[in-house]
Every structure is written in C-alpha cells, then in structure tokens.
Amino acid sequence: HPALALTTVTKRYRETLALDDVSFAVRPGELVALVGPSGAGKSTVFRCLTRLVAADAGHVDILGTRVDRLRGRALREVRRTIGLIFQQFNLIGRLSALDNVLAGRLGHVSTWRVATRLFPAEDRQIALAALDRVGLLDKAYQRADSLSGGQQQRVAIARVLAQQSRVVLADEPVSSLDPGSAANVIGVLRDIAREHRIGVLCALHQVDFARDYADRIVALRGGRLVLDAPAKEFDDAA
Ligand code: ADP
Ligand code: ADP
C-alpha cells in the first residue's frame with residue numbers, strides 16, 4: 001500500500017469548500033511536492049492526514065490504515081508513526097541537537113526529559129547515526145538554538161529518521177531558509193526518502209525547488225486537484 005493516500009476527499013469549513021473531491025497518493029521512497037496558492041487547501045490536506053480535521057467525504061489512509069475512521073488510542077498510535085517537519089523547525093531550543101532527536105524517538109514531549117537519561121544505548125546510537133546522516137554529528141551536543149536555520153532543519157530531519165517514520169509530512173520546510181540552505185535541506189530530505197523508503201509529502205511554495213527535487217508534483221487550486229505529474233513534466237503554466 002502507499003505511504004499515504006487521499007481518496008475522493010471533500011472538506012468544508014462552513015460555506016468554504018476547502019477540498020473538493022481530491023485524490024492522490026504518495027508511495028514509499030517518493031518525495032511529492034504539494035503546491036498551490038494561499039487558500040488552495042494545502043494545510044487542510046495535512047490536517048486531514050493527521051486527523052486534526054475530519055473529512056466530510058472520502059477516505060484518508062496512512063500506511064494502509066484508514067485514519068478518517070480512527071478515534072482515541074488507535075488514532076494516537078497512527079499519529080506517532082507520522083514524522084512532522086515544520087517551517088519553524090519546532091525544536092526545543094535550549095536542548096542539544098541529540099536530545100531533540102531522542103525526544104522524537106520517545107514520542108512524548110511530557111516524559112522524555114526524564115527518560116533521555118534512561119535511554120538504552122541503542123536509542124542513543126540510532127540518534128547519533130541519524131545526526132551523522134544529516135552531517136551534524138559534530139553538533140550533537142550543541143544547543144539547538146545555537147544552530148543555523150539549515151542546521152536546525154537537518155536536526156528535524158534526523159528526528160524523523162530516528163523515529164523510523166515511514167511517512168513524513170513537511171509543511172513549507174524550507175520557507176524560512178536562504179536559497180543555499182533550502183536546496184541543501186530539501187536535497188537531504190529527498191535522499192533520505194529514497195534510502196529509507198519513506199513517503200514524504202512536502203508543501204512548497206518555491207516551484208523551482210519542487211521541479212528540481214520532488215519526484216512528483218501535486219497542485220491544488222481552490223480546493224481542487226489541478227495537476228498530479230512527474231516533477232520533470234511540470235510546467236509553470238499549470
Ligand atoms: P469559531 O468557531 O470560533 O468561529 P472558526 O471555526 O472560524 O472559529 O476558526 C477556527 C480556527 O480556524 C481559528 O484559529 C481561526 O483563526 C482559523 N480560521 C478561521 N477562518 C479561517 C480561514 N478562512 N483561513 C484560515 N484559518 C481560518
Ligand atoms: P492553504 O494551506 O493552501 O493556504 P488552507 O487549507 O489553509 O489552504 O485553506 C483552504 C480554504 O479553507 C481557504 O479558503 C481558507 O480560507 C479556508 N479555511 C481554512 N481553515 C479554515 C477554518 N478553520 N475555518 C474556515 N475556513 C477555513
């Protein structure tokens with residue numbers, strides 16, 4: 001089954017039709033760019049996938065599980081398998097890069113503080129290997145807030161790697177970065193998706209990055225899917 005899929009999803013907020021019969025999937029190992037102007041429905045796609053909102057019609061699958069039907073504990077378990085990457089990094093600034101990555105493995109921000117000291121050596125090794133993979137092993141013990149934006153976003157990528165997520169949702173992950181760092185971060189994300197067979201859905205407003213780094217581009221406009229094509233076929237006029 002795909003890493004994630006929307007099938008004929010419709011979502012309304014009162015009178016606004018935010019998603020209108022939208023279907024697309026992201027396969028393991030693939031980075032799909034989600035593009036479209038402000039108000040097109042990109043955030044609503046993410047909210048449906050994490051089940052922050054319920055679709056009015058259609059279904060939403062994460063790794064073959066219908067999240068639109070889940071509640072309570074089963075829903076929390078599926079959510080824990082989803083790696084999240086945000087525009088503003090969402091690291092805990094006064095903690096080290098390593099502790100931020102370990103927190104991702106534990107999955108519980110409320111208890112990880114105590115638990116980091118109790119982590120089996122294996123978790124620490126996995127976290128260090130993840131930092132090494134994103135080129136930040138030498139920053140493992142530095143406070144997250146002392147790192148550059150590009151480095152912080154690579155810590156966030158290491159966090160989803162250590163979490164061993166098979167599905168990653170990245171919401172404008174490079175919008176706060178200078179073009180050089182942005183290209184580096186999106187390139188790392190794409191390579192890791194391939195290596196670890198992770199399905200990545202990545203909202204991007206930079207169409208040039210989408211064309212250069214994504215495997216496919218899904219475009220929304222006014223809540224409708226207007227394009228789903230290999231990135232190399234993407235044409236600005238779409
Ligand atoms: P209420 O039920 O209190 O009127 P809404 O359902 O209108 O609240 O809004 C809930 C949340 O969604 C709020 O955080 C609001 O800022 C946000 N929101 C409301 N309208 C829009 C919109 N058109 N686009 C994006 N976010 C919105
Ligand atoms: P994007 O992320 O592409 O900017 P959104 O998914 O945030 O688009 O919004 C899609 C549409 O739904 C827009 O018309 C927006 O104003 C509306 N919308 C989003 N959230 C809310 C909300 N909570 N309440 C009412 N309308 C909303």
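The values are calculated or read from the model by the stated rules, or taken from the named source; none is laboratory data. Computed from a predicted structure; not experimentally measured. As a convention, Cβ positions derive from the backbone with ideal geometry for all residues, glycine included, and neighbour counts pool all protein chains shown.
Laid out as a table, the results:
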item	result
Enumeration of residues in the stretch 17-43 that are touching a residue at least 60 places away in the same chain (Cβ under 8 Å) and of a type in the set (Ser, Thr, Tyr)	Ser23, Ser43
Out of Val9, Val67, sole residue that is within 28 Å of Val185 (Cβ to Cβ) and among the β-branched types (Val, Ile, Thr)	Val67
Some residue of the stretch 38-48 being within 16 Å of ligand 1 (Cβ to nearest atom), touching a Cys at 6+ places or on another chain (Cβ under 8 Å) and not in a helix (DSSP H, G or I)	no
Close pairs from the stretch 54-81: first under 13 Å from Thr7 (Cα atoms), partner loosely packed, with under 15 Cβ neighbours inside 10 Å and modelled with pLDDT under 90, Cβ under 8 Å, at least 6 apart	His59/Arg69
Thr10, sole failed condition from (1) more than 13 Å from ligand 1 (Cβ to nearest atom); (2) under 14 Å from the mean Cα position of the chain (by Cα)	(2)
Filtered residue count, the stretch 193-238, keeping only those that are assigned to a strand (DSSP E or B) and either touching a strand residue (DSSP E or B) at 6+ places or on another chain (Cβ under 8 Å) or closer than 10 Å to Ala33 by Cα (or both)	17
Residue under evaluation Ala5, criteria (1) small (Gly, Ala, Ser); (2) under 18 Å from Ala229 (Cα atoms); (3) within 16 Å of ligand 1 (Cβ to nearest atom), criterion not met	(3)
Condition broken by Gln125, with the remaining ones in (1) surrounded by fewer than 17 Cβ atoms within 10 Å (Cβ to Cβ); (2) more than 19 Å from Gln88 (Cβ to Cβ); (3) at pLDDT 95 or above satisfied	(3)
Number of positions in the stretch 13-36 that are within 16 Å of ligand 2 (Cβ to nearest atom), assigned to a strand (DSSP E or B) and under 21 Å from the mean Cα position of the chain (by Cα)	8
